[in-house]
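K.L.:
First, the structure itself, so that you have it in front of you.
The values are calculated or read from the model by the stated rules, or taken from the named source; none is laboratory data. Keep in mind that this is a model prediction, so the values were computed, not measured. Here the Cβ positions follow ideal geometry from the backbone for every residue, glycine too, while neighbour counts run over all protein chains shown.
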Ligand SMILES: NC(=O)c1ccc[n+]([C@@H]2O[C@H](COP(=O)([O-])OP(=O)(O)OC[C@H]3O[C@@H](n4cnc5c(N)ncnc54)[C@H](OP(=O)(O)O)[C@@H]3O)[C@@H](O)[C@H]2O)c1
């Protein structure tokens, strides 16, 4: 027989403790090793016979799907669940005992009575796995329930990789930490989604991000942000509480799809007058990527463009729309391609000529371009090489297989394979005297300040798609992944703001 039990005192009313633990979908937030717990039917919480689909991590790190059923339920006091976990078939009991108005004892107990030789081994294993999880879990439960509203953040969390409707949860179980040296904590007014968020949600780049301490669970995605500085860490100058700022936090596990975020003060600048929070939040990540792809390539420098000619593939996209406007602001001649229904939008961004996909072949008419920025379809590699200046043109692409190759082949072999692909592209391009650059988003304060300056003068602006409240993050991710978004998808922590903006 296996019996494992523990108790913890929580400085909250019994009712609040029971409400939290009996909502079994909260399980991943407090009990280590449970990475998903989703209702499997439409029965209300606490209904005897209600089922849940649980995914738990079992040694040595394998995910196991378990069906869980509510066996007993005494509102406000006791809950018994049966996970269908053969061969041990355990029973978990949670009891809440009121010890005062704000004092509750929470009792956790696991019992299994199955017999047989294989069961004895399973019991030993289960005990070894559960004991430390139980200690940590009760500590988490106490922290989550005792923290005041000012000590919490609301965030979109995921505990495993997968599709948005399955893995994303929004709740206020994470603590609001103080910013460290050189950091600020920002109360978020708006964030925006990028493809990297959708891709990381399903596991893209997990190996590299984990080794850089930007991965792991619980994971909160999001890079772009606009908000109000709420707290400032030591050593921060030029930024104080109350300032409205915007910027991009490099990929992390505590991202901007939240009510608050901590990021380096270096990575945000003041929002210029007249720029709305959602427009500010829509630009930094794509702007800095486009900047990295254009500025410093060929004749294009941050001083200007001379008589540079720039081609932007996908000029209506997040990166493409920034690239068109950066190149124009620096004085280049800009041609862009885009979907037919986006032609007017790209012209309005200032592009000198626009080539709609399917009806105007840029490869037939453009010659001697200095830069071709690929930010939509890398299969047009040869066609873009063909428009570049022989002996000096640069093909720069934001789409390359570095992270996918690391995911597939690991941290040693992946980068070697990526280098081979780049070398092959460079060999191909060198036959025409053309260079190839793989572009990566990079924090760049000087460029961010340039963005703020241009945005304040109305020389750069984003194309916006829909507004979603943070609580509907799964729907927002689905919208971006569907390819139907016509511009940046904006996320508002404040549900009412999202409604008002969407209604406009
Ligand atoms: N390396 C990095 O650090 C980095 C940073 C940012 C982004 N990226 C990558 O760069 C790419 C672009 O990102 P984004 O945020 O700009 O995406 P986006 O907003 O979806 O922009 C892509 C645009 O190109 C259009 N398009 C698709 N095929 C086209 C074609 N053949 N010719 C012209 N236009 C075409 C798309 O239209 P439809 O939507 O109708 O297809 C869309 O308007 C993504 O693959 C993203 O992952 C990389």
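K.L.:
Restricting to the stretch 426-436, and then to whatever is touching a residue at least 40 places away in the same chain (Cβ under 8 Å) and surrounded by fewer than 20 Cβ atoms within 10 Å (Cβ to Cβ), can you tell me which residue is farthest from the ligand (Cβ to nearest atom)?
P.N.:
This residue is 433.
K.L.:
Something else: Looking at the stretch 472-494 only, could you name the residues that are touching a helix residue (DSSP H, G or I) at 6+ places or on another chain (Cβ under 6 Å), away from the ligand (no atom under 16 Å from the Cβ) and either assigned to a helix (DSSP H, G or I) or assigned by TED's automatic domain parsing to the domain that holds residue 345 (or both)?
P.N.:
The one that is touching a helix residue (DSSP H, G or I) at 6+ places or on another chain (Cβ under 6 Å), away from the ligand (no atom under 16 Å from the Cβ) and either assigned to a helix (DSSP H, G or I) or assigned by TED's automatic domain parsing to the domain that holds residue 345 (or both): 474.
This table checks each residue for (1) within 13 Å of the ligand (Cβ to nearest atom); (2) in contact (Cβ under 8 Å) with a residue 60 or more places away in the chain; (3) under 20 Å from residue 285 (Cβ atoms); (4) assigned to a loop (DSSP other than H, G, I, E, B).
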residue	(1), (2), (3), (4)
367	no, no, no, yes
373	yes, yes, yes, no
376	yes, yes, yes, yes
379	yes, no, no, no
385	no, no, no, no
391	no, no, no, yes
395	no, no, no, no
399	yes, no, yes, yes
403	yes, yes, yes, no
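K.L.:
Against the definition (part of a strand (DSSP E or B) and either free of Cβ contacts under 8 Å to residues at least 40 places away in the same chain or over 26 Å from the mean Cα position of the chain (by Cα) (or both)), how does residue 336 come out, yes or no?
P.N.:
So residue 336 passes the test.
K.L.:
Let me ask something else. With the condition kept exactly as written, say whether any residue in the stretch 52-66 is modelled with pLDDT of 95 or more, under 24 Å from residue 97 (Cβ atoms) and buried (at least 17 other Cβ atoms within 10 Å of the Cβ).
P.N.:
No, that holds for no residue.
K.L.:
If you don't mind, another one. With over 33 Å from the mean Cα position of the chain (by Cα), closer than 25 Å to residue 158 by Cβ and assigned by TED's automatic domain parsing to the domain that holds residue 133 as the only criterion, which of 52, 94 stands out?
P.N.:
Of the residues listed, the single one that is over 33 Å from the mean Cα position of the chain (by Cα), closer than 25 Å to residue 158 by Cβ and assigned by TED's automatic domain parsing to the domain that holds residue 133 is 94.
K.L.:
Taking the condition within 20 Å of residue 384 (Cα to Cα), crowded, with 21+ Cβ neighbours inside 10 Å and away from the ligand (no atom under 15 Å from the Cβ), does residue 318 pass?
P.N.:
It is false that residue 318 is within 20 Å of residue 384 (Cα to Cα), crowded, with 21+ Cβ neighbours inside 10 Å and away from the ligand (no atom under 15 Å from the Cβ).
K.L.:
Let me ask another. In this structure, does residue 452 turn out to be assigned to a helix (DSSP H, G or I) and either farther than 19 Å from residue 255 by Cα or within 16 Å of the ligand (Cβ to nearest atom) (or both)?
P.N.:
yes
K.L.:
Any idea which of (1) at positive phi; (2) in a strand (DSSP E or B) is the one residue 46 doesn't satisfy?
P.N.:
It is condition (2) that residue 46 fails.
K.L.:
Taking residue 341 as the residue in question, decide whether it is surrounded by fewer than 23 Cβ atoms within 10 Å (Cβ to Cβ) and assigned to a helix (DSSP H, G or I).
P.N.:
Yes; evaluated as a whole, the condition is true for this residue.
K.L.:
Then there is this: Evaluate the stretch 454-463: report whether one residue or more is more than 17 Å from the chain's Cα centre (by Cα), surrounded by 14 or more Cβ atoms within 10 Å (Cβ to Cβ), farther than 19 Å from residue 325 by Cβ and outside the structural domain of residue 273 (by TED's automatic domain parsing).
P.N.:
There is no residue in the stretch 454-463 that is more than 17 Å from the chain's Cα centre (by Cα), surrounded by 14 or more Cβ atoms within 10 Å (Cβ to Cβ), farther than 19 Å from residue 325 by Cβ and outside the structural domain of residue 273 (by TED's automatic domain parsing).
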